[in-house]
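J.: Okay, handing you the structure first.
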Amino acid sequence: MVSMKSYLPRWFSIFYGSAITLLILCTLTGLYADDAIVRFAVIGDMGIGCDAKDGNQCKIADLMCEYQDQFDFVITVGDNIYPDGDPKLFPPNFEEPYRCLLELGMPFYASLGNHDTESSRWRYEEANVNYPNYHMIDDRDEVHRRFYSFRKGSVTRNSQTVPLIEFLALDSNRVAYPDRAPEETDQLPWLTQRFQVSDAVWKIPYFHHPLYVSNSDGTDRIMRETFEQIFIDNGVRLVFTGHKHQFEEIRPQSGIRYIISGAAGRLNRGGVRRGSPLVERYNDSNPHFLIVEATESALTWVMIDGNGEPICFADGDDDTPLDCRGRVSVQ
């Protein structure tokens, strides 16, 4: 299992195991209560329920419960309820697996995937958007919708208090399937306006379909054509997506790091295309979730696999495990 040491700031390792470790651990809660540090988990493609054959969703949910003191909320990158987002499956496919976290009051902030809406011709989209446990409500206008933004943390810049992060949960279903989806007319103007008014240090979009992926199905090209330039123009540094049931850390594209985290339930073993020039690190042999920490100077993350280990591979080499942590610094 990953030790407490794995998640603590680098300076803490100097003291780890020393006589004052207990004292520092006692003050850790106060340290992380600081609004200048935001910690969250990322999950995607998870909603298969505890009775599913492979049991991956509950394996990862149990690990998340074990490490719940390492993050303060969860974002989802879609496919929260297989096979089609039917509200009758909210209890077995969401509430039961994450009971521990929900009972602790851990907030989830969902985005929707194709299995939440598209698979049943959008029949359950409204029910998913308004499901209370997904918190799909914009913190600026308090409107429930399939895309929304919310802010976490705060820091002082130029004598002004500004948000540390503004999260932008987007709807990629209508973009990825334009021939099947209800007409998309409002999301892009909304997104442009949100970027214009945001004074957050970090702006982090998250949604279901990736812009870059090793094993393309064609939707990634459409996603790039729709969103990439907007992200570049507005200083985005990190984007989270799912849809592919694996972990992929994409090499920076125009200064943006894209992370695919789509195996908190479903897993496509061997799904990463070996030798892809896009992929820097990957894991397609184990389910996983992410823990991310944000400060004013950097975003750091660690991937936790189903064995509780931060294990990745690189350059098509499945025989040489790598420590699966990453960092993006403020430009």
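J.: What single numbered condition from (1) in contact (Cβ under 8 Å) with a residue 24 or more places away in the chain; (2) aliphatic (A, V, I, L, M); (3) touching a Leu at 6+ places or on another chain (Cβ under 9 Å) fails to hold for Val129?
T.: (1)
J.: Condition first: in a strand (DSSP E or B) and of a type in the set (D, E, K, R). Now tell me which residues in the stretch 143-164 satisfy that.
T.: Arg151, Lys152, Arg157, listed by residue number.
J.: Going through Arg281, Arg269 one at a time, which residue ends up being of a type in the set (Lys, Arg) and not in a strand (DSSP E or B)?
T.: Unique residue meeting the criteria: Arg269.
J.: Something else: Can you pull out every residue in the stretch 317-331 that is surrounded by fewer than 14 Cβ atoms within 10 Å (Cβ to Cβ) and either over 28 Å from Gly235 (Cβ atoms) or among the acidic types (Asp, Glu) (or both)?
T.: Those that are surrounded by fewer than 14 Cβ atoms within 10 Å (Cβ to Cβ) and either over 28 Å from Gly235 (Cβ atoms) or among the acidic types (Asp, Glu) (or both): Asp317, Asp319, Thr320, Asp323.
J.: What do you reckon, is Arg140 assigned by TED's automatic domain parsing to the domain that holds Phe227, over 29 Å from Ser329 (Cα atoms), basic (Lys, Arg) and in a loop (DSSP other than H, G, I, E, B)?
T.: Working: assigned by TED's automatic domain parsing to the domain that holds Phe227: yes; over 29 Å from Ser329 (Cα atoms): no; basic (Lys, Arg): yes; in a loop (DSSP other than H, G, I, E, B): yes.
Criteria not met by Arg140.
J.: Please go through the stretch 185-209 and pick out each residue that is in contact (Cβ under 8 Å) with a residue 12 or more places away in the chain and more than 24 Å from Gln331 (Cβ to Cβ).
T.: Gln187, Leu188, Trp190, His208, His209
J.: If Arg157 passes every condition in (1) out of contact with any Leu (no Cβ under 9 Å at 6 or more places or on another chain); (2) closer than 30 Å to Lys53 by Cβ; (3) touching a residue at least 24 places away in the same chain (Cβ under 8 Å) but one, which one does it miss?
T.: (2)
J.: Within the stretch 296-314, can you find the residues that are in a loop (DSSP other than H, G, I, E, B) and under 21 Å from Cys58 (Cβ atoms)? Spell out the reasoning first.
T.: Of the residues in the stretch 296-314, the ones in a loop (DSSP other than H, G, I, E, B) are 296-297, 306-310.
The answer is Gly306, Asn307, Gly308, Glu309, Pro310.
J.: Glu118: under 19 Å from Tyr206 (Cα atoms) and out of contact with any Ser or Thr (no Cβ under 6 Å at 6 or more places or on another chain), yes or no? Spell out how you get there, then give the answer.
T.: Working: under 19 Å from Tyr206 (Cα atoms): yes; out of contact with any Ser or Thr (no Cβ under 6 Å at 6 or more places or on another chain): yes.
Yes.
J.: While we're on this one: Failed condition for His245, given (1) surrounded by 24 or more Cβ atoms within 10 Å (Cβ to Cβ); (2) within 14 Å of the chain's Cα centre (by Cα), with all others met?
T.: (1)
J.: Are any residues in the stretch 106-150 within 19 Å of the chain's Cα centre (by Cα) and at positive phi, and if so, which ones?
T.: Selection gives His135 alone.
J.: Which ones in the stretch 27-63 are under 18 Å from the mean Cα position of the chain (by Cα) and at pLDDT below 90?
T.: Of everything in the stretch 27-63, nothing turns out to be under 18 Å from the mean Cα position of the chain (by Cα) and at pLDDT below 90.
J.: Quick one: count up the residues across the stretch 85-118 that are at pLDDT 95 or above and part of a loop (DSSP other than H, G, I, E, B).
T.: Applying the first criterion (at pLDDT 95 or above) to the stretch 85-118 yields 85-116.
Narrowing further to those that are part of a loop (DSSP other than H, G, I, E, B): 85-86, 96-98, 104-107, 112-116.
Selection size over the stretch 85-118: 14.
J.: Return the residue satisfying two criteria in turn: it lies in the stretch 220-262 and is assigned to a loop (DSSP other than H, G, I, E, B) and touching a strand residue (DSSP E or B) at 6+ places or on another chain (Cβ under 6 Å), and of such residues it is nearest to Leu170 (Cα to Cα).
T.: Gly242
J.: To continue, here is another question. Would you point out which residue out of Tyr212, Tyr206 is in the same structural domain as Arg273 (by TED's automatic domain parsing), farther than 16 Å from Glu166 by Cα and hydroxyl-bearing (Ser, Thr, Tyr)? Steps first, please.
T.: On the way: Tyr206 fails: farther than 16 Å from Glu166 by Cα.
It is Tyr212.
J.: Test Leu290 against the criterion of being outside any loop (DSSP other than H, G, I, E, B), surrounded by fewer than 18 Cβ atoms within 10 Å (Cβ to Cβ), of a type outside the set (S, T, N, Q) and out of contact with any Gly (no Cβ under 9 Å at 6 or more places or on another chain), and give yes or no.
T.: On the way: outside any loop (DSSP other than H, G, I, E, B): yes; surrounded by fewer than 18 Cβ atoms within 10 Å (Cβ to Cβ): no; of a type outside the set (S, T, N, Q): yes; out of contact with any Gly (no Cβ under 9 Å at 6 or more places or on another chain): yes.
Considered against the rule, which asks whether it is outside any loop (DSSP other than H, G, I, E, B), surrounded by fewer than 18 Cβ atoms within 10 Å (Cβ to Cβ), of a type outside the set (S, T, N, Q) and out of contact with any Gly (no Cβ under 9 Å at 6 or more places or on another chain), Leu290 comes out as no.
J.: Would you mind stating whether Asp179 is farther than 30 Å from Leu102 by Cβ, surrounded by 12 or more Cβ atoms within 10 Å (Cβ to Cβ), at pLDDT below 95 and out of contact with any Pro (no Cβ under 8 Å at 6 or more places or on another chain)?
T.: no
The values are calculated or read from the model by the stated rules, or taken from the named source; none is laboratory data. Predicted model only: the values in this text are computed from it and were never measured. Cβ: placed from backbone, ideal geometry, glycine included. Neighbour counts: every protein chain shown.
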